[in-house]
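**Student:** My questions will all concern the structure given below.
The values are calculated or read from the model by the stated rules, or taken from the named source; none is laboratory data. Keep in mind it's a predicted model, so treat the numbers as computed, not measured. Every residue, glycine among them, receives a Cβ derived from its backbone with ideal geometry; neighbour counts consider all protein chains shown.
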Amino acid sequence: MRVHSLLAIFIGITVSIHAQEPVKPKLNPRIVTATRLVTQFSDLELQMLKAVQKKTQPALQAMLTDDCAIEMPNADPLPGEDWIDSVMAKDYSLKSFALREFSAVDLGTAVVVKFERRESATLKGKNESGEFFVVDVWKKDGEKWKLANRFVSRTAATASKAPIKPTGKQ
């Protein structure tokens, strides 16, 4: 009887531990209409990527806070200035990109933006294309929004060198 009680407790603890793990919900195939906030911040994200693509350093610099940091798994935080230097370097090329699964949450003094990004890029002639999960924190600075923090993680590498073209369904 005591063994059964201990076994029941062990099973209960095991189930409760596993129940706390997040469960990935299935994607809903319905078309979602963008909110004003999503439209505003997806436009800002696109402006930022176009500045990287066209190597427009002043435009990119103007979009970041002075203490902006880029965070990635298994790496020290990268100051915004260093990130700008890396994407403006001649040996980095952002050839094409597409955003999808975009959402934005207004926290009053900041807006948290989440999206998935596919990109075709090269660094020092090496294919760096891939898919990324990005969470950005934007802060209001006067009348403008500026990127304060970016948390980015590669979700998949892609070997394709073909340009990424949005389908309109993102």
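**Student:** Would you please list the contacts, defined by Cβ atoms under 9 Å and residues six or more apart or on different chains, that run from a residue in region 29-49 that is at negative phi to a residue that is modelled with pLDDT of 95 or more and of a type in the set (Lys, Arg)?
**Tutor:** These pairs meet every condition: Glu45/Arg117; Leu49/Arg117.
**Student:** Inside region 25-59, can you point out the residues that are among the aliphatic types (A, V, I, L, M), modelled with pLDDT of 95 or more and loosely packed, with under 14 Cβ neighbours inside 10 Å?
**Tutor:** Passing the criteria: only Leu46.
**Student:** If you don't mind, there's one more thing I want to ask. Loosely packed, with under 15 Cβ neighbours inside 10 Å and either modelled with pLDDT under 95 or of a type in the set (Val, Ile, Thr) (or both): does that describe Asp141?
**Tutor:** Yes; evaluated as a whole, the condition is true for this residue.
**Student:** Now for a separate question. So for region 111-118 (the condition being within 15 Å of the chain's Cα centre (by Cα) and over 22 Å from Arg36 (Cα atoms)), does at least one residue qualify?
**Tutor:** Among the residues of region 111-118, at least one is within 15 Å of the chain's Cα centre (by Cα) and over 22 Å from Arg36 (Cα atoms), which makes the answer yes.
**Student:** Taking region 50-84, which residues are more than 15 Å from the chain's Cα centre (by Cα), part of a loop (DSSP other than H, G, I, E, B) and in contact (Cβ under 8 Å) with a residue 12 or more places away in the chain?
**Tutor:** Listed by number, the residues that qualify are Lys55, Met63.
**Student:** A follow-up question, please. Kindly indicate the residue of region 144-158 that is of a type outside the set (A, V, I, L, M, F, W, C) and out of contact with any Cys (no Cβ under 8 Å at 6 or more places or on another chain) and also surrounded by the most Cβ atoms within 10 Å (Cβ to Cβ) among those meeting that condition.
**Tutor:** By that ranking, first place goes to Thr158.
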